[in-house]
Each structure stands twice: as C-alpha cells, then as structure tokens.
Amino acid sequence: MHRFFIHLSIVLLLCACHSKTAMDGIGYNGTGAYEAEEEIMPITRQEALKPPPPPLVEMDAPASNVTKKIIKDGRMALKVQALTASKQYVDSLVQRFDAYYSREDLHKSRVEDTYSLTIRIPFTHFETFIARLESRIGEVQYKNLEARDVTAEFIDLETRLSNKRSYLIRYKELLKKAQTVKDILTIENEIRKIEEEIDSSEGRLKYLSDQVKYSTLQLDLNQEKEYVYIPKKADRFMERVKESFSGGWQGFISFTLLLVRLWPFLIVLALLVFWWKRRRTRRKALKATEKKD
C-alpha cells in the first residue's frame, strides 16, 4: 500500500511537469483565458526585395540663418527739476554710447522750459540708453517704443538688386554686339532705366541699413516754472496823449482820402439830391397854382 502511494505521487508529478511545458506556449490575455503566442512569420522574398523607405530629409531653415533687420524708434518725455544739469547728463550718455544729436531745440515760456532732442543711438545700446534716462534724470511723462521688422523688405531689395545688376551686365554685352542705331538706342535706354532702378534700390538699402544700425529717440526734457504775474508795461500819460492825438490825425487823413477816392459817387449823389429838390419845388408850385384857380 505504501508503494502504491509512492508510485501514484510520481505519476502526478510527471503529469504536472508535462502540463507546465504545454502552458509555456500559451499567453495570458488578461481576461482569465490563455491564448497561444503569435508565431513569427518568416520574411518572404518579395518583401525582402522591396526598397527601404526613403530617409527623412532635414528641411533647411533659412529664416534662422538670416540676420534680423529691426528698426527701433521711440518717443519719450521726462519731467526734470534742473534742465541744464539734465541736458548735460544726456550729453554724457550720447558721448558714452557713441550716439549723436540729429536735432536739438530749446523752447522757453512762462510755464515751462523744454529741450526737444532727436537722438540717434546704436541699435545695441538703445534699451540701455533709455534705462539710464529713466533711472537718473526724472519722472517719465510718457514713453512710446516701436520695433519694425524689415528683414523681408531687406532681402527682397537685395535680391532685386542682384538681378538688376545681372541684367545690366547682359545689356552691356548686347550693346557691344549691336550693329544698327535703333538697337543701340533701345539698349542704351534699357541700360539707363536699369541703372536708375539700381541707384534707387541702393539708396533704399542704405537708408534701411542706417535705420537698423541707429535707432531714433525723440526725447523731451520739461522743467516746469512757478507762475509769476508780470504786469504789462504801460507808457506815461503824456506819451499816451501824443499817441491818441497822432491816431486821431491819422484817422482824419484816412477819412479824407476815402472821400477823395469816392468822388464819382459823391457827384452822382449830389446830382440826385439836386434833381429831387427841384422836382419837389415844381410840385409845390403846381399845387399852389391849382389852388388859386
């Protein structure tokens, strides 16, 4: 009996090992059921001969390689306590940052004194220049800053300019080969037009380059004044009498000259009055005669 149980245990153990080996080819599907693992299919000859997909082409990013062309402009007004000292500080900033004045005006009134300055500042120092003004001089009354991107216009002008120069070279080569006077005049006219367009484009590029290189700041320094009443200076009494007498005499002369200028109208008016009085006299005489009769 004891041997029987031993043999039975050995048989059950062998069955369990066989069952585990069979389950190794089955995967659990997460729902409590097992399913067979997917077999790896061999690659067919047709698929092996199929060309591989083309490699990814890295797109160039020309915009990242192009230097941005930015024009910066600004308007700013500062309320200062000492106008002269503030102007001297601005002069020191202009000299320190390699800037320059393109315009400088001084206005004085009873209310305030104002320096109106137009400053051209190197592009790299524009923000620093304004920050120094705000921190050292006075109170900001208003500030307006503007940035314009002219990169596209700059590139377009350079491209057009390059094309026009190429056309100019070709037209000059054709001019050397021209044989008739008509062809020569036609080609010279085209060359003249292209040269004018090249000059215009070069001028525009030069202007844009200057605007990009130097930013423009319109700066007003304002110093308020205490209002002081200043009475209007009046002349002495005798001087005013003389002035009144002179004014009256001048008025009389002007009136006399006006009458002289209107002499034709005065003569016509005198004749009309004379005719009206004579007619009135005749009517009175006629009425008196009728009453007597």
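Return the residues of segment 86-112 that are within 15 Å of R132 (Cβ to Cβ) and either of a type outside the set (D, E, K, R) or without any contact (Cβ under 8 Å) to a residue 24 or more places away in the chain (or both); say none if nothing qualifies.
Looking only at segment 86-112, we keep the residues that are within 15 Å of R132 (Cβ to Cβ), and these are 86-99.
Residues satisfying the conditions are S86, Q88, Y89, V90, D91, S92, L93, V94, Q95, R96, F97, A99.
The single condition among (1) exposed (fewer than 10 other Cβ atoms within 10 Å of the Cβ); (2) in contact with a Leu (Cβ under 8 Å, 6 or more places away or on another chain); (3) of a type in the set (A, V, I, L, M) that L266 does not satisfy is (1).
Which of the helices (runs of 4 or more DSSP H) found entirely inside segment 177-293 contain at least 2 residues meeting this: touching a residue at least 12 places away in the same chain (Cβ under 8 Å) and either within 30 Å of E146 (Cβ to Cβ) or under 60 Å from the mean Cα position of the chain (by Cα) (or both)?
On the way: elements: 181-213, 237-261, 263-292.
In segment 177-293, 181-213 are the helices (runs of 4 or more DSSP H) which contain 2 or more residues that are touching a residue at least 12 places away in the same chain (Cβ under 8 Å) and either within 30 Å of E146 (Cβ to Cβ) or under 60 Å from the mean Cα position of the chain (by Cα) (or both).
With the structure loaded, tell me whether V228 is modelled with pLDDT under 85 and aliphatic (A, V, I, L, M) or whether it fails that test.
Numbers: modelled with pLDDT under 85: yes; aliphatic (A, V, I, L, M): yes.
Yes: the conditions hold for V228.
Please state which one of K291, K206, K193 is surrounded by fewer than 10 Cβ atoms within 10 Å (Cβ to Cβ) and not assigned by TED's automatic domain parsing to the domain that holds I119.
Details: K206 fails: surrounded by fewer than 10 Cβ atoms within 10 Å (Cβ to Cβ); K193 fails: surrounded by fewer than 10 Cβ atoms within 10 Å (Cβ to Cβ).
That would be K291, the only listed residue that is surrounded by fewer than 10 Cβ atoms within 10 Å (Cβ to Cβ) and not assigned by TED's automatic domain parsing to the domain that holds I119.
The values are calculated or read from the model by the stated rules, or taken from the named source; none is laboratory data. Everything numeric in this text was worked out from a predicted model, so none of it was measured. Note that each Cβ is placed from the backbone with ideal geometry, even for glycine, and that neighbours are counted across all protein chains shown.
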